[in-house]
Amino acid sequence: MARITKLILSLLLILPFIFLSRNVEAQSAGYELLPAPDAWYNDVDGIRLGLRIKGQVPGTFNDGPHRLDAGVWLGTWFPDLPVSYYLSFTEPIPKWSDFGSEASVQLRSSVRTGYHNHGVAFNKRWQQGFDERRYRELRFYQSYQKRFEDEYTPFPFLWSDEDKFLSTLTLRLQDDNPLGWFQVETTGSVQYLNDTYSVFSLTALQNIPINENWGFRIRSFTGLTSDQADPEYLFPLSSKPAIHWMENGITRAKGTIPQPWMDSGYLQVSGGANLRGYTKREISGFVNLEDEDINIPLAKSITAINAEFDYWNPIGILFQKIPYVSDFLTFNSYLFFDAGTELGTESMNSDKWLADAGTGFSLSLNIPDNLGKPRGFLIRFDMPFWLSDSGTEDAFKFRHLFGIGGVISL
């Protein structure tokens, strides 16, 4: 398997340059590489210093042929594998592409934070006219993945060290209806090596504005896995599965967020069932399980609904009045309600609905990309005053937590 891995790595690293060399005619205007220094931190690499490189045909602004996104870093604490990298090379398919409706092939390879991810993807987007908010997207990704170093993970027992050969299909639709903007995304994966298993999720978002400062946002989520699924794909009650923590540099490795903060249970990563009021209880269970050989408190199947009601606040109004800043920075206040349950007889809270409710505030910095999609960060301060199952605590009580990412971002 190590030999196969090295072969995949070599092929994926060489292929982008083959594409470039075979398309000399298309590069008569030249090709530009835009380097930028980069630094990050985690508890294994220490301060990670490196270089990010964007490659493109001049003047195409990340919307032309031969798009390169790459980075290489050195961990200054010199762990067992001090050098890490990420590489993505995207080549449009002109025959199947139109303005705002590109089809492309993407080659991807990365070895960082103790995780292999190498594969090839086919992407297709259908956009309605010039409005990038109305679109459909399809993505098929064939990949080899493996966790080879548990030291990077904040909760190692949430991960397996099995080789995985995955076929993943993702479909996304965004448009508007009489209520407002909505988005539906479904993802299905099949893993073929060793014990074969499948993973499925369906997420639907609906925005119902009343006016500029008042409105509702509703989200539903359903996740299913088969019996042999590795733990990183199983569903926590309060956040998204561990595999999706890899999608964000803040949560990708232990120590970027100090581990004591994670262990405290006062920090929630949005996604999945997202019953935010149960974060502290669930994280406490994770911490106590770290060195014990007992069942992991994760669900193989779960369904949940999240609702938020935005209301007027003076800070948000002040941000709206600041020229230019108001286009990127927003401050929201809201009431929230979360409820969810497992769908089968399992280990967590079978046949029992759990719910929480409270109020919160969020600060969002968003600089959309060339397709109008969100790009930035969102932090929340949530106060789940009520839990339907409070254990030994009072159901109504002051509780608080900080959140990373929007629960219902549309």
Of the residues in region 373-404, those that are in contact with a helix residue (DSSP H, G or I) (Cβ under 7 Å, 6 or more places away or on another chain) and acidic (Asp, Glu) come to ASP382
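Select, from TYR152, TYR85, TYR141, the only residue that is modelled with pLDDT of 95 or more and over 29 Å from SER409 (Cα atoms).
The match here is TYR85.
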Considering region 312-340, residues that are open to solvent by less than 20 Å² (accessible area, probe 1.4 Å) and at pLDDT 95 or above, and then whichever is nearest to PHE385 (Cα to Cα), we arrive at PHE336
Original post:
Do we have any residue at all in region 149-158 that's β-branched (Val, Ile, Thr), more than 20 Å from the chain's Cα centre (by Cα) and in a loop (DSSP other than H, G, I, E, B)?
Top reply: no
Wholly inside region 300-410, strands (runs of 3 or more DSSP E) that include 3 or more residues that are in contact (Cβ under 8 Å) with a residue 40 or more places away in the chain and within 30 Å of GLN128 (Cα to Cα) are 301-311
Filtering region 157-183 down to residues that are out of contact with any Ser or Thr (no Cβ under 9 Å at 6 or more places or on another chain), open to solvent by less than 50 Å² (accessible area, probe 1.4 Å) and not aromatic (Phe, Trp, Tyr) yields LEU158, SER160, GLN174, ASP175, GLY180
If we keep only residues of region 79-99 that are without any contact (Cβ under 8 Å) to a residue 60 or more places away in the chain and farther than 20 Å from LEU51 by Cα, then the residue nearest to the chain's Cα centre (by Cα) is PRO92
Picked from region 47-97 (must be of a type in the set (Gly, Ala, Ser) and out of contact with any Phe, Trp or Tyr (no Cβ under 6 Å at 6 or more places or on another chain)), the residue nearest to PRO258 (Cα to Cα) is GLY75
The correct count of residues that are in contact with a Leu (Cβ under 8 Å, 6 or more places away or on another chain) and either of a type in the set (A, V, I, L, M, F, W, C) or open to solvent by 70 Å² or more (accessible area, probe 1.4 Å) (or both) in region 41-87 is 10
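The values are calculated or read from the model by the stated rules, or taken from the named source; none is laboratory data. All values reported here derive from a predicted model rather than from experimental measurement. Quick reminder, even Gly has a Cβ in these numbers, built from the backbone with ideal geometry, and neighbours come from all protein chains shown. What goes into the accessible areas is simple: the full protein's heavy atoms, side chains included, and nothing from ligands, DNA or RNA. Shrake-Rupley method; radii C 1.70, N 1.55, O 1.52, S 1.80 Å.
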